[in-house]
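Enquirer: First the structure, then my questions, so here it is.
Values quoted throughout were computed directly from the atomic coordinates according to the rules given, and no laboratory measurement underlies them. Please read these numbers as outputs of a predicted model, since none were measured by experiment. Neighbour counts are summed over all protein chains in view; Cβ atoms, including those assigned to glycine, are modelled from backbone coordinates with ideal geometry.
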Amino acid sequence: MDWMSIFIYDTTWSFAAEIVIRTTIMFGLIVLLLRCTGKRGIRQLTIFELTIILSLGSIAGDPMFTEDLPLIQAVLIMSIVLLLYRLCTWFTSKHKVFELLLEGKPTYIVENGLLVLEDIEKGRMSHDEFFTEMRKQGVRHLGQVHIGLLETDGEFSILLFPHEQTRYGLPIFPKEFQAAKELEKGQPYACMHCGYVEHILSLSDPCSRCHNRSIGWTKALNTPIVN
């Protein structure tokens, strides 16, 4: 068995330098790609943790079956990835701007029972995804939610109103999240686009908050959350 061939093969100093450059570029590209795909793509993992998993998966796998790929190259790449990871975590701990640049900041989805439309667009998530997360936590309508927050790791955090402060809100269960076909006198309705609740004169009226008239209105609910 040729141990020199296994560990070194034809690795030169110039090729080792090329590996450093290649690894640094690919590490940066993976971080950039994950940053652009949004928080749902890194759910429960930070960008750096997922970058390490993706990088090391290929690094560790190829030398196992590629005959002309010496282990020294894989070790070198692993060392570079680990060094880049340490540098990134050090920068994020020392410089808040660097942390915000790479990981972003929490995104407000719901405030005072209303959808925050600007931040929803930034988070690249649909209404259905938000509603799914809230339903899992026992929420029936937005009038129960004081704050809904999309964390940087993709987790969804909510702060509920006390029972006595529950207000009318947009229902989030499929059978209740349906456009009203007839207007009931005295019944408050919620805009299906932004969650704003008001007493309307006609189902064709535009929303006073988001001015949307194409999605429609649905009956607002004010039931307290069930613990």
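Enquirer: Scattering from the C-alpha atoms of the stretch 129-227 alone, worked out with Debye: what is log10 I(q)/I(0) at q = 0.20 1/Å?
Expert: -0.98
Enquirer: Tell me, what is the FRET efficiency for Leu82 and Ser214 to the nearest 0.05, using R0 = 45 angstrom and their Cβ-Cβ distance as r?
Expert: After rounding to 0.05, the efficiency reads 0.30.
Enquirer: Across bins of 10 angstrom width beginning at 0, how are the C-alpha pair distances of the chain distributed, in whole percent?
Expert: With a bin width of 10 Å, the distribution comes to 7, 25, 22, 15, 13, 10, 6, 2, 0.
Enquirer: Would you mind getting the Kirkwood hydrodynamic radius of the stretch 101-181 from its Cα pairs, rounded to one decimal in Å?
Expert: The answer is 13.0 Å.
Enquirer: At 0.36 nm per residue, and after removing the present C-alpha to C-alpha distance, how many nm does the segment from Val20 to Ser58 gain when stretched out fully?
Expert: 12.1 nm
Enquirer: Relative contact order for the chain using alpha-carbon pairs under 8 Å, separation at least 6, rounded to a whole percent?
Expert: Reported relative contact order: 17 percent.
Enquirer: In degrees from 0 to 90, rounded to the nearest 10, what is the angle of the helix 71-94 Cα long axis to the longest principal axis of the chain?
Expert: 40 degrees
Enquirer: Counting only pairs 8 or more residues apart or on different chains, how many lysine pairs in the chain have their Cα atoms under 24 Å apart?
Expert: Summing the qualifying lysine pairs gives 17.
Enquirer: Once the Cα atoms of helix 13-37 and of the chain are each reduced to a long axis, what angle between those two axes, in degrees from 0 to 90 to the nearest 10, is obtained?
Expert: 10 degrees
Enquirer: So, one more: Can you give the FRET efficiency for Ala179 and Val226, using 1/(1 + (r/R0)^6), R0 = 25 Å, r = Cβ-Cβ distance, to the nearest 0.05?
Expert: It comes out at approximately 0.45.
Enquirer: Same structure again: Amide H of Asn212: which non-local residues (sequence gap of 5 or more, or other chain) have their own amide H closer than 5 Å, using H built in the peptide plane?
Expert: Amide H neighbours of Asn212: Cys207.
Enquirer: Now for a separate question. Can you compute the radius of gyration and Dmax for the stretch 140-184, using only the Cα atoms, both in Å?
Expert: Values for the stretch 140-184 (Cα only, Rg and Dmax): 13.4, 43 Å.
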